[in-house]
1. Relative contact order, percent, of the range 82-171 when contacts are C-alpha pairs under 8 Å separated by at least 6 residues?
2. Anything over 27 Å Cα to Cα? Flag those among Lys240/Lys263; Lys44/Lys240; Lys90/Lys263, in the order listed.
3. Under 5 Å between amide hydrogens, which residues at least 5 positions from Val203 or on another chain qualify, with H placed 1.01 Å from N in the peptide plane?
4. Can you work out the PRE-style zone for Glu231? Point 7 Å along Cα to Cβ, and I want the residues of the range 258-278 with backbone N under 12 Å.
5. With r defined as the distance between the Cβ atoms of Gln412 and Glu309 and R0 fixed at 60 Å, what FRET efficiency is calculated, to the nearest 0.05?
6. Count the net charge of all other residues whose Cβ sits under 15 Å from the Cβ of Val204, scoring Lys and Arg as +1 and Asp and Glu as -1.
7. Does the range 76-168 classify as rounded, prolate or oblate by the C-alpha gyration tensor (a ≥ b ≥ c root eigenvalues; a/c under 1.5 gives rounded; else a/b over b/c gives prolate, otherwise oblate)?
8. To the nearest 0.05, how large is the calculated FRET efficiency for His429 and Ser122 if R₀ is 56 Å and r is the Cβ-Cβ distance?
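The values are calculated or read from the model by the stated rules, or taken from the named source; none is laboratory data. Note that the structure is a prediction, hence the values are computed from the model and not measured. Note that each Cβ is placed from the backbone with ideal geometry, even for glycine, and that neighbours are counted across all protein chains shown. The area values use the complete protein model at the heavy-atom level, side chains included, leaving out ligands, DNA and RNA. Shrake-Rupley method; radii C 1.70, N 1.55, O 1.52, S 1.80 Å.
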Amino acid sequence: SSAAMASCRRSSIAFRRARGLARQMCNVSPAASERRTSLAPEVKAWSERVQHDMLAPLNERLLGPLERRAFSEAVPLPFVLLLGNHSSGKSSFINYVLGRRVQATGVAPTDDGFTVIASSSSGDSDRDGASFVGDPSMGFSSLRHFGPGFMSHFKLKLRLGLSADELMLVDSPGMIDSPSKQERERGYDFLGVVRWLAEHADVVLLFFDPDKPGTTGETLECLTKSLSGLEHKLHIVMNKVDSFRHIHDFARAYGSLCWNLSKVIPRKDLPRIYTMFLPPEAVGQPDTQLRSTVPLAAALAELEAIRGEVLHEVMRAPERRVDNLITRTHDSAALLLMHARVLEEARREYSAQRLRWLVVGGAILASGPAAGGLAVLYGMSSLTSAAALVGGTSSLAALVGLQGRAWLHAAQAELLSDSGIDAVFRRVHVPAVTDGD
């Protein structure tokens with residue numbers, strides 16, 4: 001266990017240094033951005049070596065929490081995950097980014113599953129979930145454990161002539177209310193699927209629209225469970241702001257969204273909310289709303305600039321993959337190190353208790369012959385009495401041994417229980433628990 005913790009610590013330190021080096025090398029200049037993107041294959045190869053040579057063997061030996069698959073089976077292309085309420089503009093934004101109509105759009109829900117969209121060099125084609133999830137080269141093999149209910153709601157679209165051919169986009173079904181019953185209503189663990197996709201995505205966009213500014217229960221639950229700890233790649237978008245007729249309508253919807261987010265994001269400062277709209281031609285509508293509304297027309301240029309920022313974040317997915325590869329490997333090493341520390345503390349506590357019982361039993365067992373021998377030696381007792389004393393202490397030692405064995409079995413069960421592991425974790429990570437980290 002000590003060797004395992006040392007190896008985990010070395011890999012964690014190595015990737016912390018690698019992250020600092022990558023940040024120093026990658027500034028905002030175009031040349032540096034291109035260099036950053038070109039680093040992705042090298043960083044991926046390095047991540048695979050660390051995973052294969054260090055983390056995977058330790059994870060197997062310690063029965064660790066890491067995925068039992070190689071980094072080489074990761075999603076091959078950078079990808080962007082789009083989440084949000086139905087009719088929040090996810091599909092329209094995808095069509096706008098890709099430069100062609102790939103997803104159906106409409107006010108009513110148009111899709112009830114997840115759709116992976118990727119570029120193709122040989123024409124348009126569609127594949128259902130079971131056919132491409134089983135393909136290791138696609139990197140989605142781990143999703144099989146969500147069952148056939150999910151597979152029937154997962155598909156791949158390959159399209160020719162996409163504007164963004166160096167990344168994949170993943171569209172999701174619109175969020176719904178009644179979060180406590182979402183698994184029964186959808187037929188699969190929706191929040192679990194979102195968590196897996198968000199962990200492996202390079203950029204996550206969460207869309208809200210003016211009609212439902214954060215009030216959908218499943219959306220709020222998704223923020224607290226599926227997207228927790230992934231704030232570094234999450235971007236919150238309030239879309240369709242061109243539907244407002246008056247400034248106070250915009251202020252009311254924006255304030256409502258901030259209020260709802262403040263109830264589920266445990267921070268004083270809310271993350272930035274991108275307020276944007278798509279060009280009228282991108283959604284098939286005439287340009288008669290925003291440009292003819294005097295109070296909001298003055299903000300047109302700023303809203304268009306914000307849309308450009310969102311688009312820029314999407315296009316930065318290949319660039320962000322370098323950071324995400326380093327972060328993922330560093331987090332894997334840190335998680336395995338935490339697992340090893342908890343195991344080592346549980347083993348140390350069990351060994352200490354076992355040693356105490358062995359010492360007590362051994363002392364009782366040794367005291368009988370020693371006392372009998374001394375008594376015979378100094379003429380204080382006969383051999384018969386000494387033998388009876390030895391037999392009595394041996395019986396007592398046997399009883400203590402049986403009691404100790406039963407006690408150790410109970411202690412082992414307690415240590416391996418959820419409450420026992422939690423208690424060990426709190427003892428090992430006192431500063432982190434105190435700081436709420």
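1. Normalised by residue count, the contact order of the range 82-171 is 40 percent.
2. Numbers: Lys240/Lys263 23 Å; Lys44/Lys240 38 Å; Lys90/Lys263 24 Å.
Checking Cα-Cα distances, Lys44/Lys240 exceed 27 Å.
3. Phe79, Leu81
4. It comes to 262, 264-272, nothing else.
5. Numbers: r = 55 Å, r/R0 = 0.92.
E between Gln412 and Glu309, to the nearest 0.05, is 0.60.
6. Values: positive: Lys90, Arg195, Lys225, Lys233, Arg272, Arg316, Arg320, Arg321, Arg328; negative: Asp171, Glu199, Asp202, Glu231, Glu313, Asp323.
Combined, the nearby Lys, Arg, Asp and Glu give +3.
7. Details: a/c = 1.85, a/b = 1.15, b/c = 1.61.
Cα axes put the range 76-168 in the oblate bin.
8. Values: r = 52 Å, r/R0 = 0.93.
It comes to 0.60.
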